[in-house]
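Below: one structure, written as structure tokens.
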Amino acid sequence: MIRENEFDYSAAVEELEKLASAVEQPGVPLPDVERSIRRADELIRACREYLRGARTRLDEMQKD
């Protein structure tokens with residue numbers, strides 16, 4: 001589980017945007033595209049986990 005102080009959501013989104021821009025460039029070698037896709041997958045999973053945790057915390061706060 002990702003804790004708030006261990007994960008920088010904004011930095012992850014920024015990196016995802018850079019990865020998307022990089023692979024859209026003509027002539028990008030396939031190994032670079034594959035590497036970018038793997039990294040993007042890691043970042044997306046981490047972002048989803050972070051957001052699920054934030055949602056859970058909000059739900060718990062609303063119950064109190």
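The values are calculated or read from the model by the stated rules, or taken from the named source; none is laboratory data. Values in this document were obtained by computation on a predicted structure and should not be read as measured data. Positions of Cβ are generated from backbone atoms using ideal geometry, with glycine treated the same way; all protein chains shown enter the neighbour counts. Accessible surface is based on the protein model in full, side chains and every heavy atom, while ligands, DNA and RNA are left aside. Shrake-Rupley method; radii C 1.70, N 1.55, O 1.52, S 1.80 Å.
For the chain, the longest principal axis of the Cα atoms and the long axis of helix 9-23 meet at an angle of about 20 degrees.
Extension gain for V23 to S10 (0.36 nm times residue separation, less C-alpha to C-alpha distance): 2.7 nm.
Positive-end ranking of Q62, C47, A22 along the dipole of the chain, with charges on Cβ about the Cα centre, is headed by Q62. Note on the chain: along the principal axes its Cα atoms extend 55, 16, 16 Å, ordered by decreasing extent.
Probing with 1.4 Å while keeping every protein chain in the model, the per residue accessible area of the chain equals 83 Å². Surface composition of the chain: carbon and sulfur atoms hold 51% of the protein heavy-atom accessible area at a 1.4 Å probe.
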